[in-house]
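*Asks:* This is the structure I want to talk about, given as structure tokens.
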Amino acid sequence: MDYFSSKKETVIAFEKETISDKYTAAPEITVLPVKLSIAFYPVSFLAFRIGASYYFAKCRYFYRIEHEETWKEWQGEAKARNVGFWGGLGFEWNMGTHLALIIEAVSQFAPIKGFQGTGTYMDSTMTEPAAEEGKLYAYEGKISSVVSYPLLFIRNKLPSEGGVENAREAEVEFTGVILRAGFRIKF
């Protein structure tokens with residue numbers, strides 16, 4: 001069974017004399033594919049496999065800006081499901097009665113989109129967070145004429161306000177070719 005997970009936290013601190021600012025960004029994605037396949041062995045060392053996968057995906061984000069004693073914080077979680085298809089060719093070399101080397105090339109088509117969820121906003125002046133339900137969007141947040149940052153936000157419509165560029169529905173792409181090698185141990 002496969003399981004994909006990635007998380008990255010980035011913290012940027014700006015300090016000048018008595019003034020300090022801090023920016024934190026922490027996006028995260030987890031994907032669990034459930035696979036069903038059919039294998040065909042024309043000879044004992046060669047296998048053709050085709051199959052379908054059902055992907056369960058979850059994306060989270062966390063952003064926090066701190067300036068002196070004030071702060072702003074955005075966080076959200078969105079989920080999506082989708083079907084993907086794949087096919088592969090594998091070679092198996094027996095290295096003894098209980099051990100085999102396996103090399104496999106797999107091509108798959110598996111775009112995951114349609115993330116839905118809830119995002120919240122909170123700042124140092126609020127007592128309760130403000131929530132927004134909708135789709136997960138990816139875009140560039142432009143803060144100057146030459147600097148922009150990639151962002152993920154859950155919004156109820158496509159973002160189009162000032163400072164937003166290249167807004168689109170967020171998508172995770174698992175389409176491509178995978179080469180794997182491993183050992184099979186028989187008991």
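The values are calculated or read from the model by the stated rules, or taken from the named source; none is laboratory data. Just so you know, these numbers come straight off a predicted model, no measurement behind them. Cβ placement follows ideal geometry from the backbone for every residue including glycine, while neighbour counts extend to all protein chains displayed. Remember, those area values only see protein heavy atoms, side chains included, never the ligands or the DNA or RNA. Shrake-Rupley method; radii C 1.70, N 1.55, O 1.52, S 1.80 Å.
*Asks:* Of all residues in the range 38-48, count the ones that are in contact (Cβ under 8 Å) with a residue 40 or more places away in the chain and either of a type in the set (S, T, Y) or open to solvent by less than 60 Å² (accessible area, probe 1.4 Å) (or both).
*Replies:* The number of residues fulfilling the criteria is 3.
*Asks:* Just name the residue that is nearest to A170 (Cα to Cα) out of those in the range 11-37 that are hydroxyl-bearing (S, T, Y) and open to solvent by less than 60 Å² (accessible area, probe 1.4 Å).
*Replies:* Of all residues in the range 11-37, those hydroxyl-bearing (S, T, Y) come to 18, 20, 23-24, 30, 37.
The next check asks that each one be open to solvent by less than 60 Å² (accessible area, probe 1.4 Å); those that pass are 20, 24, 30, 37.
Details: S20: 33, T24: 21, T30: 14, S37: 28 Å.
So the residue we want is T30.
*Asks:* If you don't mind, there's one more thing I want to ask. Looking only at the range 154-187, count every residue that is in contact with a Gly (Cβ under 9 Å, 6 or more places away or on another chain), at pLDDT 90 or above and among the aromatic types (F, W, Y) and tell me the total.
*Replies:* 0
*Asks:* Tell me the strands (runs of 3 or more DSSP E) entirely within the range 89-179 that contain at least 3 residues that are in contact with a Ser or Thr (Cβ under 9 Å, 6 or more places away or on another chain).
*Replies:* Counting at least 3 such residues, we get 99-109, 130-142, 164-169.
*Asks:* I would also like to ask the following. Mind listing whichever residues of the range 1-58 are within 26 Å of A138 (Cβ to Cβ) and of a type in the set (F, W, Y)?
*Replies:* Y3, F4, F14, Y23, Y54, Y55, F56
*Asks:* Also, quick follow-up: Mind listing just one residue for me: the one in the range 1-18 that is part of a loop (DSSP other than H, G, I, E, B) and among the hydroxyl-bearing types (S, T, Y) and, of those, nearest to V106 (Cα to Cα)?
*Replies:* Looking only at the range 1-18, we keep the residues that are part of a loop (DSSP other than H, G, I, E, B), and these are 1-3, 8-9, 17-18.
Now drop any that are not among the hydroxyl-bearing types (S, T, Y), which leaves 3, 18.
Details: Y3: 16, T18: 56 Å.
Ranking the qualifying residues of the range 1-18, first place goes to Y3.
*Asks:* Name every residue in the range 142-153 that is at pLDDT below 90 and surrounded by 15 or more Cβ atoms within 10 Å (Cβ to Cβ), in order of residue number.
*Replies:* Selection gives K142, S148.
*Asks:* A further question on this structure: For the range 88-104: of the residues being of a type in the set (A, V, I, L, M) and closer than 11 Å to G182 by Cα, which is least open to solvent (accessible area, probe 1.4 Å)?
*Replies:* Just the residues of the range 88-104 that are of a type in the set (A, V, I, L, M), to begin with: 89, 95, 99-103.
If we keep only those that are closer than 11 Å to G182 by Cα too, we end up with 99-103.
Working: L99: 64, A100: 0, L101: 52, I102: 41, I103: 73 Å².
Of everything passing the filter in the range 88-104, A100 is least open to solvent (accessible area, probe 1.4 Å).
*Asks:* Follow-up. Just give me the residues in the range 106-133 being within 30 Å of K186 (Cβ to Cβ) and open to solvent by less than 40 Å² (accessible area, probe 1.4 Å), in sequence order.
*Replies:* Residues of the range 106-133 that are within 30 Å of K186 (Cβ to Cβ), as a first pass: 106-108.
The answer is V106, Q108.
*Asks:* Within the range 159-173, can you find the residues that are open to solvent by less than 40 Å² (accessible area, probe 1.4 Å) and within 21 Å of V31 (Cα to Cα)?
*Replies:* First, the residues of the range 159-173 that are open to solvent by less than 40 Å² (accessible area, probe 1.4 Å): 159, 163-164, 167, 170, 172.
Hits for the range 159-173 are A170, V172.
*Asks:* When the range 62-83 is examined, which residues are found to be surrounded by 15 or more Cβ atoms within 10 Å (Cβ to Cβ) and among the acidic types (D, E)?
*Replies:* Across the range 62-83, the qualifying residues are E66, E73, E77.
*Asks:* Another one. May I ask you to list pairs of residues, at least six apart or on different chains, whose Cβ atoms are under 9 Å apart, with the first in the range 144-158 being closer than 15 Å to G114 by Cβ and the second being assigned to a loop (DSSP other than H, G, I, E, B) and open to solvent by 40 Å² or more (accessible area, probe 1.4 Å)?
*Replies:* Listed by first residue and then by second, the contacts come to L152/P27.
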